[in-house]
Each structure stands twice: as C-alpha cells, then as structure tokens.
There are 2 protein chains.
Amino acid sequence: MTSSSLSHDVGEQRRRATVPDATVARLPLYLRALHLLAEQGYETVSSEELAEAAGVNSAKLRKDLSHLGSYGTRGVGYDVTHLVEQISSQLGLGRRCSVVLVGVGNLGRALAGYGGFANRGLAVDALLDADEATVGQQIAGLTVRHVDELGEVAGPGSIAVIATPAAAAQEVCDRLVAAGVTSILNFAPVVLSVPAHVDLRKVDLAVELQILSFHEHRKAAGADERVPAGASA
Amino acid sequence: MTSSSLSHDVGEQRRRATVPDATVARLPLYLRALHLLAEQGYETVSSEELAEAAGVNSAKLRKDLSHLGSYGTRGVGYDVTHLVEQISSQLGLGRRCSVVLVGVGNLGRALAGYGGFANRGLAVDALLDADEATVGQQIAGLTVRHVDELGEVAGPGSIAVIATPAAAAQEVCDRLVAAGVTSILNFAPVVLSVPAHVDLRKVDLAVELQILSFHEHRKAAGADERVPAGASA
DNA sequence: AACTGTGAAACCTTTCACAGCT
DNA sequence: AGCTGTGAAAGGTTTCACAGTT
C-alpha cells in the first residue's frame, strides 16, 4: 500500500501539469466555438456566450479556463483572439506535429478530409494503406503510400491514427510502436495492447449508437410497462 | 444482503432504472468482448478474464454488471451466452429499432458498412442524402434515398445518425425532430439545438486527436523544460 | 478454493454562490 | 454594474478489500 503520509509526493515544479482530463476533453470544443465567434466578428465574449456556443454551462467553462490561467477580464469577458491562442498553444496545435493515418478505407478518407482535422494545425500529413490498389491514389492532396514505408513517415513525436479493419489493427499498432510512435488514436473496433509508455486512445463509432439505443429502449419500455402516463416532459 | 431487513427507501418499481451513465457507456465494450470470447469457445468467464478482454479492470466490471442484476455464479464466473443476452436486452438490441443515416459521404459510407454497427442488432436500414448524384446508389445493400423522403423512413422510435457536412446538420436535425425522432447521433462538427425531449449525442472525430496532441505536447514540453533528467523509463 | 457482489473509502467532476476586480 | 475566478458543497465514478456463495 501507499505510505500513510499521503499526497505530498510530487514537487511543485509541475506548475501547469494539473489540467483535469475532463477539462482537456472540452478544450477542442471551446476552440471551435471561439473560431466561430471570431468569424462572426466577436472581439470579446462573456463566459455565458461562449458556454452557449460550445454547448456547456458557464460555471463549467469558467472553471475549465481557470485551470489554464487567468485570461479573462472581470466585468468584460475574454478576448477571443487571445483565448484562441492560449488554448491552441495548450493543445500543442502550433508546433508542427505530423499526423500519420493508416488505413485508407471510407473511414480513413473521411478522416483525411475532415474539416475538424484539417482545420486548425492538425492536418493529416501522411496516408498509408496495405492495399496495392489504393497505394498511389491522391486523397485530400496526399499520395497514399504503402504501409511498409511506415518507418519513413512516423517516428517519435508523430501522432498516428489507425483506421484499418479490426483484423489488421494490432499489427499496424505494433509497427507504429516499433517506429517510436507514442501517441495513437484507434478507430478499429478492437482492444489494442501497447507498452505502458504509449498513449493510446480509442474512438468506437458504434458505442454511442448503442448508448442511444439503450435510452430509446428505456423510453419505450417505460411507456409500455407501468409509468403513470405522461410522467416526464 | 439481498432483500431482507434493510431494503428501505426508493420505490421498488424502478428496479433497473438506475444504471449509471458510466456503466451504460461500457456495456457495448463488454458485449463486443463477450462475442469474441464466445467465438473462441468460452462458455463461462471470470470477471478477470472478461475485464482483460474489454480493456478495463475487474472491480469496475463487477460493479458494472452488478447494476444490471446478479448474473454471475460465485466461484465460477459468468455464463457467456446468458450475459450476452442480458446486456443485449438492456441495450435494446433485440427489438427491431430502425436506424436512419443521413449524409452519405465518406463518413456515412464508413458508418453504413461499419462492422460494429451492422454486427449485432443495430444495422442501419435507411440511407438518405441531398445530392442527386448519390441518390439511387447502392451502398451496403441499401438504396440511397433523397433526404426529402425522410418522413417515410424516420419517425418516433427510430434512431437517426447525422453524417452530413456541418452546414447542413441543423436543418437535417430540425427535419428529423419534426418527423418525430427523439434519438439523434451527430457526427457533424457543430453544436446542434434540439427540444428538451430529444436525446442528442455527439461524436467529434477531431476531439480525440486534439486530446492526444495535448498529451504529446506535454511530453515534449516536459522534456524541453525542467524535468529532472530521465525520471521515467 | 475460487470468484462474485458490495459497502466504504478515495478520487474526480460539476454546480453553487459569492468575493473581488474592472 | 457586470463578469471572472474560486473556495466549498454536492454528486458521480473508481478502487479497495472482504463478506458471502458455490
């Protein structure tokens, strides 16, 4: 067990090492909302307005931003441009960070051309596939290369996206790790294993649909069974 | 201590109305892992094994399953087939629930053919698009219909998936709501507004990538700045 | 002996409400 | 007056550790 002296371990030197995960997950949201507001001519926004645009409540937004530092002005709000810069910088969108996408099926193509990806500082800059018929094609301004050339485009510092069929994902993942990649985003519906030092995230397109189904099912079941007629709104 | 002396409190009629959100979000994961294990010939699994296959820890798994009821056998584990049925039923995958997909671009195509979708009880069964060139095409065994025919395929009880460009999403959403749909999954990178009774979920393909970027950035910044040399392996 | 089911503790996130700055 | 930044309260989730069951 842990020593009973509790949580004083880590030194103070990690000043901003403490942005909560939940907050990080919302920064991209704020960033998009801010870009939108900027296009509409806003120079400053209140937490209320920005929260509305991002689809969260204002207390949460303020708390989130407070974790990055104090970038607002009391009585006024936040400077849109400045806040965009701060968040972008936090997210590491400024530095040239190569994004490599493996698997150029429908999903891969969608991702390669995705506004959200290409938009601000995080464009995909290499496409790889195993299929000879796909290799050589021009997609979203890039030429698809063979997955065997993976070592030439991916390395420490790059972010890899796996959009292959489930069956191929683990092998691709292993190759990426061997090439030194430590940040991987997996869209294939399998649980991948990676060494502890690799940061692996997962997007499962079916999960959200199944969650919806759960709630839809609940609604229907509730209506069937014993609810006292129009109970909820 | 099952229903003996201290079964006080909450009305009993809401027996299973209390599955926590976090648990619901993991059920699809367990389901997939179970299907995999079933294919490999498992008839029972321990919480340890299933947790491993699903990529979570066993305490969490047991707690999650306990919210659905007690389907395990102490000293033995869980019956794979039975558990699959229980979870499927919770998720409403048994009942025929029509899934309508609007927007047949690359992402739409990917979703229509997605193993995870088509796989178990939640196949997409109508495709709609606004583009005349796309309407009429055969995709994943379905003929693409014009979005104006939305009212004919979507209604109360169906689940809708929006995979259109951002600019079209709100209008499609409004039409879906007008048609009586109350469960919508949005892949377009915009914040949609819906009436309170509609259940709207959102998948943002770029968010996860940006979260990875955040962590990658941290790693790099940490290495640059002040870390006490080779602290971690 | 093996393994589930679950209170209780630890941890994390959200919301509230207001002090403090402009 | 208006709005941010933030302690403190409330709520939710994960982990621990063990009683209970087969």
Exercise. Compute the distance in nm between two label points, each set 7 Å from the Cα along the Cα-to-Cβ direction, one at A:ASP125 and one at A:GLU152.
Key: 1.7 nm
Quiz prompt | Cα-based shape type of region A:72-118, given that a ≥ b ≥ c are square roots of the gyration tensor eigenvalues and the cut on a/c is 1.5 | solution = prolate
Quiz prompt | Around A:GLY151: net Lys/Arg minus Asp/Glu count, Cβ-Cβ under 14 Å | solution = -2
Exercise. Could you tell me the distance between the Cα centroids of region A:18-41 and region B:76-105, to the nearest Å?
Key: 34 Å
Quiz item: Let a ≥ b ≥ c be the square roots of the eigenvalues of the Cα gyration tensor of region B:117-206; is it rounded (a/c under 1.5), or, if not, prolate (a/b larger than b/c) or oblate?
Solution: rounded
Quiz item: What residues have an amide H closer than 5 Å to that of B:SER183, excluding those fewer than 5 places away on the same chain, when H is modeled at 1.01 Å from N in the peptide plane?
Solution: B:ALA160, B:ASP199
Quiz item: For region A:117-206, what is the relative contact order in percent, using Cα pairs closer than 8 Å and at least 6 residues apart in sequence?
Solution: 20 percent
Exercise. Starting from a label point 7 Å past Cα on the Cβ side, list the distances from A:ALA123 to the same position in the other copies, nm, shortest first.
Key: 4.0
Quiz item: How would you classify region B:167-208 from its alpha-carbon gyration tensor, with a ≥ b ≥ c the square roots of the eigenvalues: rounded for a/c under 1.5, else prolate if a/b is greater than b/c, otherwise oblate?
Solution: prolate
Quiz item: Can you pull the mean other chain C-beta count within 10 Å for peptide B:99-107?
Solution: 3
Quiz item: Between A:LEU36 and B:GLU48, what is the label-to-label distance in nm when each label sits 7 Å out along the Cα-to-Cβ direction?
Solution: 4.9 nm
Exercise. Please tell me which of these pairs span more than 29 angstrom C-alpha to C-alpha: A:LYS63/B:LYS63; A:LYS60/B:LYS219; A:LYS63/A:LYS219?
Key: A:LYS63/B:LYS63; A:LYS63/A:LYS219
Quiz item: Residues with beta-carbon under 14 Å from that of B:SER47, excluding B:SER47: net charge, scoring Lys, Arg +1 and Asp, Glu -1?
Solution: 0
Quiz item: Nm distances between the label at A:THR73 and the same-position labels in the remaining copies, 7 Å along Cα→Cβ, shortest first?
Solution: 7.1
Practice problem: One decimal, nm, shortest first: give the distances between the label point of B:GLU152 and those of the same position in the other copies, each label point 7 Å from Cα along Cα→Cβ. | Solution: 5.1
Quiz prompt | Nitroxide proxy distance, nm - points 7 Å out along Cα→Cβ at A:VAL19 and B:SER70 | solution = 4.7 nm
Quiz item: What FRET efficiency do you get for B:THR143 and B:HIS82 if R0 is 30 Å and r is their Cβ-Cβ distance, rounded to the nearest 0.05?
Solution: 0.20
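Each value in this text was obtained by applying a stated rule to the coordinates, not by laboratory testing. It should be emphasised that the depicted structure is a prediction, and the values quoted were computed from it without experimental measurement. Cβ coordinates were reconstructed from backbone atoms using ideal geometry, including for glycine residues, and neighbour counts include every protein chain displayed.
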